[in-house]
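Just so you know, all these numbers are worked out from the coordinates, no wet-lab data involved. Quick caveat: nothing in here was measured; it's all calculated off a predicted structure. Here the Cβ is made from the backbone with ideal geometry for all residues, glycine too, and neighbour counts use every protein chain on show.
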Amino acid sequence: MKNINKLVWVSLLSSIGLWAITTGSVLAVNDEPHADGWAPSEWGPDDKAGAVNRTTPAMVLKAVKLVKRGKVATLGKVYQQDAPAFGSRGWRLTIPGLPTGGPFGDQALVYNDEYLSTEIGQIGTQFDGPGHIGVITSKGMFFYNGRYLEDPDVGTYGLGPLGVEHVAKIGFVCRGILLDAVALRGGPLPIPKETSHSDPGIITDDDIKEMIRRQGIDPI
């Protein structure tokens, strides 16, 4: 019985040791945010939006004056199954049954529903909010403007003061540069298959320089 107890304790201690090793990186801390005064931001300790505060009415008016031809360019990427994605993330939309339900009533009503399986981060067009990137410090997980994931108003069903909705309330209206990679390559680019400059779907820094030169917008 004593040997069994010893075996149990050895197994338990081994498990604790293994857990400590495998989670050692989680316990590492970086106190630069405290030492270097990362918070409060230049917009004060209560700010939740960040750099979008630079979108002032004066900047909006200045940006609008740059419009010459009134052409519209779609910046968003259509969500689709073969969209470029980070790592093994993916996007899959299916219609469960054609139709999903029905018929109902005298008019034989039918309907379709959608089933979506995806990670919404880094799928196609990406927009990061104040709660996207943080640093583990000795006081907790530090995020924008000195807020912590451990704060009571930050939760798994909404990041509260770190939510992207605070950025959206102000929005971005500013000058943009549209580079025509399709014209440069002589046609649509294929979906990248690897992170290599040799992949025809990858736009390189040399491509960007050449597009700037061809479009006559140097310097930006």
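For the Cα atoms of the chain, what angle does the longest principal axis make with the long axis of helix 205-214, in degrees from 0 to 90, nearest 10? Rounded to the nearest ten degrees, it is 20.
Couplings 3J(HN,Hα) of segment 142-155, computed from phi: 7, 10, 3, 6, x, 8, 10, 5, 7, 4, x, 8, 10, x Hz, in residue order, whole Hz [Karplus 6.51 cos²θ - 1.76 cosθ + 1.60, θ = phi - 60°; x for Gly and Pro]. Helical content alone sets the calculated 222 nm signal of the chain at -7000 deg cm²/dmol, taking -39,500 (n - 2.57) per DSSP H segment of four or more residues and averaging over every residue.
In order along segment 114-127, the Karplus-derived 3J(HN,Hα) couplings, from 6.51 cos²θ - 1.76 cosθ + 1.60 at θ = phi - 60°, round to 10, 10, 10, 10, 6, 9, 7, x, 6, 10, x, 6, 10, 9 Hz, and Gly and Pro are given as x. A simple spin-label model places the labels of F127 and A168 0.7 nm from each other, with each point 7 Å out along Cα-to-Cβ. Pair-distance distribution of segment 177-220: all C-alpha pairs, bin width 5 Å, starting at 0; shares per bin in whole percent are 5, 23, 29, 24, 12, 6, 1.
Report the FRET efficiency, 1/(1 + (r/R0)^6), for M141 and V64, where r is their Cβ-Cβ distance and R0 is 45 Å, rounded to 0.05. Intermediate results must be reported in sequence, preceding the final value.
Values: r = 40 Å, r/R0 = 0.89.
Calculated value: 0.70.
How much length is gained if the chain between D31 and N53 is pulled fully straight, taking 0.36 nm per residue apart and subtracting their Cα-Cα distance, in nm to one decimal? This chain segment gains 5.3 nm when fully extended.
Which of the three applies to segment 25-86, rounded, prolate or oblate, going by the alpha-carbon gyration tensor with a ≥ b ≥ c and a/c under 1.5 meaning rounded? Present the calculation step by step, with values, prior to reporting the outcome.
Numbers: a/c = 4.21, a/b = 1.34, b/c = 3.13.
Because a/c hits 1.5 or more and a/b fails to exceed b/c, segment 25-86 counts as oblate.
For M141, the amide hydrogen comes within under 5 Å of the amide hydrogens of L149, E150, counting only partners 5 or more places away or on other chains and with H modelled in the peptide plane.
Amide H to amide H, with H built 1.01 Å from N, D47 comes under 5 Å of no residue 5 or more places away or on another chain.
Subtracting the Cα-Cα distance of W38 and R92 from 0.36 nm times their residue separation leaves 15.5 nm of extension gain. For the chain, report the % of Cα-Cα distances exceeding 23 Å. Summing the P(r) of the chain above 23 Å gives 72 percent of all pairs. For the chain, the longest principal axis of the Cα atoms and the long axis of helix 2-22 meet at an angle of about 20 degrees.
Among residues other than P190 with Cβ under 15 Å from its Cβ, the summed charge is -1 (Lys and Arg +1, Asp and Glu -1). With all pairs of different C-alpha atoms in the average, the Kirkwood value for the hydrodynamic radius of segment 82-167 is 16.5 Å. In plain terms, the chain from V72 to D151 could stretch by 24.3 nm, reckoned as 0.36 nm per residue minus the Cα-Cα distance.
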